[in-house]
Amino acid sequence: MAALVLLRHGRRAHAHAHGLPLSRALCTTTAGIDSGATSASMAMRRLRREFDPDRAVAILETIDMSSISAGSTRNALSMAARRLLRAGRFGDAEALISSHLSACKDEPYLAAVLCSYASANLPEKALDAFRSTVPSLPTPISPQPFNALLSTFLRCGLHHRIPTLFAELSKEFSITPNDASYSVLVKSYCMTRNDAKAKQTLDQMREQGISPSTKTYTPLIDSMYKQKKTKEAELLWKEMVESGCKPDVAVYNVKVTYYGLQRKLEEVMQVMLEMEADGVKPDIITYNFLMSSYCKNGKLDDAKVVYDSLAEKGCSPNAFTYKYMLAALCASGDFDAGLGIFKESLKKNKVPGFSTVKGLVEGFVKGGRVAEAKKVIAEIHDKFPDNLSRWKKLEKELGLDSDSENTPCSEGTSGKIVAEAKSVPTDAEGVEGSAADETAVSEESSDDEAPVAGEVPRGPA
């Protein structure tokens, strides 16, 4: 219970500084959580559904970390840390993750903890943890914790730091980088648009006797497409295939993303045919861009067909799936269907971001369906009590809060509401695992076995 003690101490100090009763600060919401009767898998499921930070930490404390994989450890720590972060408890998030360092007796566990620092946006703390913990591990050190640290800096957007860390740490700790290590390095160069250095890294790998893999080529190909250098992207694709690398779903999604953002529906469908011929199964990212392409080409019914068939294709919708469909339905004025999408996303803890759900609320208000609008906002209040500032402002603007007059805004602001409801973007604002302009309200993955070794984001750069 070390982490819980740290957090209680942190709340005591916070309470004292703000004049809050100590009893309130010391109270940890653990009612109904039986640490002895909760299996690891059941606790993980409860953790995904729990958005109260104190209860999330309490659930985390019931999990025997030695009984779960490194990937599950990373997921559990990251989820709890994000709950604290959303509540503005940055020190508690750091304390929670750091409390697990003493248990890092092997590389997979250390890699899991290092990756968790990314969820709290604490890359420098991850670096400190790496330097202090690695010397206590059996030698020689494999690239696993090294890769996890580099990936933490990548996920936190400190791309420019990675080349220096790569060179210094591999030398300092006598670590021999592997393909996954170089993949992070290549991606860091691509993210800073240093394509020449990225290509040089491929040559450096070959000199070290390491053959570049599909994973290594993916960010470089993506960088070319992002810069609309399609010929260069196609040449790199050809080089990748001729070197013996088989294209996987991640690199195919790079193509799908490029054509989807260009509103080129036929090209998206052609890439999916290529995937089928190559024996590569589309994933939810692929289908997200197919659906958004349909929507942007005025084929909402076709997008609905794809959405309804996801389960039989073996795909589960993610937050972006719900975002695309909810935005498109609201833009078309089908707020009833939009409400259905919202309810499903709420049930799956994958609710789209504020601006998307805002379109649904404003659409209901404009149509005089104030009760439905209030119910949507009430669901948000209940599910995400620590993330409400923009919603409270919107309630006031629309006349839905208790301090406003009984009649909600219809005229006066109605023109603005109509314009915003009809202009809800169906363009992709990002792909799973990449930085998006709109932050989704919930971000958990359903995958307990998320990779730790290598830890290279497999989507486009």
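The values are calculated or read from the model by the stated rules, or taken from the named source; none is laboratory data. Fair warning: this is a prediction, and the values are worked out from it, not measured in the lab. Every residue, glycine among them, receives a Cβ derived from its backbone with ideal geometry; neighbour counts consider all protein chains shown. These accessible areas exclude ligands, DNA and RNA; they are computed on the full protein's heavy atoms, side chains included. Shrake-Rupley method; radii C 1.70, N 1.55, O 1.52, S 1.80 Å.
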(message) Can you compute the equivalent ellipsoid semi-axes for segment 310-356, i.e. the square root of 5 times each eigenvalue of the Cα gyration tensor, sorted largest first and rounded to whole Å?
(response) 17, 12, 9
(request) Please report how far the C-alpha centroid of segment 88-119 lies from that of segment 319-365, rounded to the nearest whole angstrom. (result) 35 Å
(message) Can you work out the Karplus-derived ³J(HN,Hα) for every residue in segment 174-179? Use 6.51 cos²θ - 1.76 cosθ + 1.60 with θ = phi - 60°, whole Hz, and x for glycine or proline.
(response) 6, 9, 8, x, 10, 4
(request) Mind jotting down the distance between the C-alpha centroids of segment 251-278 and segment 212-243, whole Å? (result) 15 Å
(message) Students sometimes get this wrong: rank 316, 66 by accessible area, probe 1.4 Å, all chains present, largest first.
(response) 66, 316
(message) Given R₀ = 25 Å, what would the calculated FRET efficiency be for residue 42 paired with residue 344, taking r from the Cβ atoms and rounding to 0.05?
(response) 0.65
(request) First compute the accessible area of segment 45-179 with a 1.4 Å probe, then give the percent of it belonging to carbon and sulfur atoms. (result) 51 percent
(request) Convert each backbone phi in segment 60-76 into a coupling constant with the Karplus relation 6.51 cos²θ - 1.76 cosθ + 1.60 (shift: θ = phi - 60°), then list the ³J(HN,Hα) values in order as whole Hz, x for Gly and Pro. (result) 4, 5, 7, 8, 7, 4, 6, 9, 10, 6, 4, x, 5, 4, 4, 4, 5
(request) Quick one: pull the percent of accessible area on segment 209-274 belonging to carbon and sulfur, 1.4 Å probe, ligands and nucleic acids left out. (result) 52 percent
(request) State, to one decimal in nm, how far the label point of residue 235 lies from the label point of residue 276, with both points 7 Å from Cα in the Cβ direction. (result) 3.3 nm
(request) Tabulate in residue order the Karplus-calculated ³J(HN,Hα) for segment 305-318, using 6.51 cos²θ - 1.76 cosθ + 1.60 with θ = phi - 60°, rounded to whole Hz; enter x for Gly and Pro. (result) 4, 5, 4, 5, 9, 4, 4, 6, 8, x, 10, 9, x, 10
(message) Probe of 1.4 angstrom, ligands and nucleic acids ignored: what's the accessible area per residue over segment 345-385, in square angstrom?
(response) 39 Å²
(request) Would you mind computing, in nm to one decimal, how far apart the modelled labels at residue 302 and residue 393 are, each placed 7 Å from Cα along Cα→Cβ? (result) 3.8 nm
(request) Report the FRET efficiency, 1/(1 + (r/R0)^6), for residue 208 and residue 262, where r is their Cβ-Cβ distance and R0 is 35 Å, rounded to 0.05. (result) 0.40
(message) Heavy atoms of the protein only, probe of 1.4 Å, neighbouring chains included. What is the accessible area of residue 230 in Å², nearest 10?
(response) 40 Å²
(request) Kindly give Rg over Rh for segment 220-338, based on alpha-carbon atoms, with the Kirkwood expression for the hydrodynamic radius. (result) 1.01
(message) Suppose accessible area is computed on protein heavy atoms with a 1.4 Å probe; arrange 381, 160 from highest to lowest.
(response) 160, 381
(request) Under 1.5 on a/c is rounded, so check that first for segment 127-215, then, if it is not, pick prolate when a/b is larger than b/c and oblate when it is not; a ≥ b ≥ c are the square roots of the alpha carbon gyration tensor eigenvalues. (result) oblate
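Accessible area, 1.4 Å probe, largest first: how do 382, 179 sort? Let's see the in-between values first.
Details: 382 125, 179 35 Å².
My answer, sorted largest first, is 382, 179.
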(request) First check a/c for segment 34-87, with a ≥ b ≥ c the square roots of the eigenvalues of its C-alpha gyration tensor; if it is under 1.5, answer rounded, and if not, answer prolate when a/b is larger than b/c or oblate otherwise. (result) oblate
(request) Would you be so kind as to identify which of 237, 288, 335 lies farthest towards the positive end of the dipole of segment 232-370, taking Lys and Arg as +1 and Asp and Glu as -1 on Cβ and the Cα centre as origin? (result) 335
(request) Heads up, I need the accessible area for residue 213: 1.4 angstrom probe, whole protein in place, Å², nearest 10. (result) 30 Å²
(request) Take the Cβ-Cβ distance between residue 136 and residue 246 as r, set R0 to 41 Å, and report the resulting FRET efficiency rounded to the nearest 0.05. (result) 0.55
(request) Starting from the Cα gyration tensor of segment 279-323, multiply each eigenvalue by 5, take the square root, and state the resulting semi-axes largest first in whole Å. (result) 17, 11, 10
(message) With the crude spin-label approximation of a point 7 Å out along Cα→Cβ, what separation in nm comes out for residue 105 versus residue 383?
(response) 4.1 nm
(message) Can you tell me, using C-alpha contacts under 8 Å and at least 6 residues apart, the relative contact order of segment 47-164 as a whole percent?
(response) 23 percent
(request) At q = 0.18, 0.19 Å⁻¹, what is the base-10 log of I(q)/I(0) for segment 234-287 according to the Debye formula with one equal point scatterer per Cα and no solvent? Please give it to two decimals. (result) -0.56, -0.63
(message) Among 165, 137, 109, which residue has its Cα furthest toward the positive end of the charge dipole of segment 104-206, with +1 on Lys/Arg Cβ and -1 on Asp/Glu Cβ?
(response) 165
(request) Provide the per residue accessible area, probe 1.4 Å, for segment 202-277, rounded to a whole number of square angstrom. (result) 50 Å²
